[in-house]
1. Could you tell me what percent of the accessible area of the stretch 69-187 is made up of carbon and sulfur, with a 1.4 Å probe and every protein chain present?
2. Could you calculate the FRET efficiency of D239 with R5 from 1/(1 + (r/R0)^6), where r is the beta carbon distance between them and R0 is 56 Å, rounded to 0.05?
3. Using a 7 Å offset from the Cα along the Cα-to-Cβ direction at both K142 and N100, what is the distance between the two label points in nm, to one decimal?
4. If R0 is 22 Å, what FRET efficiency do you get for E90 and N150 from their C-beta distance, rounded to 0.05?
5. With 28 Å as the limit, write out which pairs from K75/K142; K136/K168; K281/K310 have Cα-Cα distances beyond it, or answer none.
6. Solvent-accessible area per residue for the stretch 230-306 at a 1.4 Å probe radius, Å²?
Amino acid sequence: MLLVRKDFIDNINSKLTYLSMMITNSSSLNLLELNVHAENFYASLFNHIFNIHLENINTTKHNVASIDLIDNENKLFVQVTSNARKSKIEDTLKKDILKNYIDYTLWFIFLGSEDSSNLIGKKYKNPHNIIFDSSKDIYNLKNILSYIMNLGTEKLQDISNFINREVKFPVNKDKLDSDLTKVINALSQENFSVKEPPNTLPFQVEEKIEFNKLVPRYDSIKDYDAYIGILVKKYNEFDKLGKNSSFVILKSLKSEYRRLKELYSDSVQLFDKIIENTKTKVRESNNIDDISEEMLDFCVWLIIVDAFLKCQIFENPKGYKYALT
C-alpha cells in the first residue's frame, strides 16, 4: 500500500512540478497562453482535491474583474496568477465589485515556480472586508503538494489519474534520451585540452541561490535539480566513449558566464541570458529540427542548472569553485 501511495505521489509531484516550470518559462517570455489553460486545469484539480465546484468565471454570467474561478454553491472566488507579489493580492482585494460578494471567500492560486511563500500569513489591505485569510487562502505548488500528500490512497489515485489525462511530458522517456543526446552533441563542439584539478568541497544550494540574488529562480533551480541524475547518466555515456562532453559543456558555460557577467549586473537577467544564448547555440546546430521547443527548453534548463550546481556559473558563497574532473 505504501508503495502504491508513493507511485501516485511521485507522479503528481513530477507532473505538477513540470507544469509549474513550463508556466514560469512561458511567463518570462510573456507567452501567457499556458496561464489561461492553467486556470481551467487548476479549477478541476481543486475540485478533485476539495470536492468543490469551481468553474471558469468566463463561462458564467458573472463578470468580476481580477477573479478567474467561481463556485457559487460554496461561495468561493479564486484568483489564478503567476504574479507572486503583495500588490497583486491588494489590487484584487480593493476591486469595488467585490462589495457585492462580501459573503464569498477569496482564494489565490499562484502559478509557476516563483516562490510565493513569503506572501502567506501576511497582513493585507482589505477595504471591502472580503473573507480572506492569508494564512490558509493562498496556494502555491509547495502547499498544494503538501496537502495532497496527506490525502487517502483512493483520492490520490483519483488525482493522479486526472493529472495523467491533463498533463503530458513533452515526450516519452526514449524521446527525452534521444533529444538530450542531440543537445549535448550540439553544445560539446569546442576543444578544451587542459583540465583543472578536482575540488569536491560541499555547499548549500539555497545559500548559493541567495548569495547570487537568484531567489526569483529558486524553485526552478530546485525543480530541475530533481532531474540531474538523468543528465549525469547521459554525460557518463558520452565520457565512456571518450567524448568528454560534460567537461567541454561546463567549461564553455563558465566562459559564457564570465563574458555575460560584464554585460549584466542583474543576476536574474544574467541567468536568463545564459539560458537564451545556450538555446540559440543549440538551434544553430545541425540535426535538431525534430526537437520541440518545449523539450529544447527542458534540456537546456537541465544543463544550466547542472552547471550552476557544479559552480561553473555564478559565485560560490564560500569562496571556492568546483573544478571539473
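The values are calculated or read from the model by the stated rules, or taken from the named source; none is laboratory data. None of the values given here were measured: they were computed from a predicted structure. Backbone-built Cβ (ideal geometry, glycine too); neighbour counts: all protein chains shown. With ligands, DNA and RNA removed, areas are computed over all heavy atoms of the protein, side chains included. Shrake-Rupley method; radii C 1.70, N 1.55, O 1.52, S 1.80 Å.
1. 46 percent
2. It comes to 0.90.
3. Roughly 3.8 nm, to one decimal.
4. For R0 = 22 Å, the calculated efficiency reads 0.10.
5. K136/K168
6. The answer is 49 Å² per residue.
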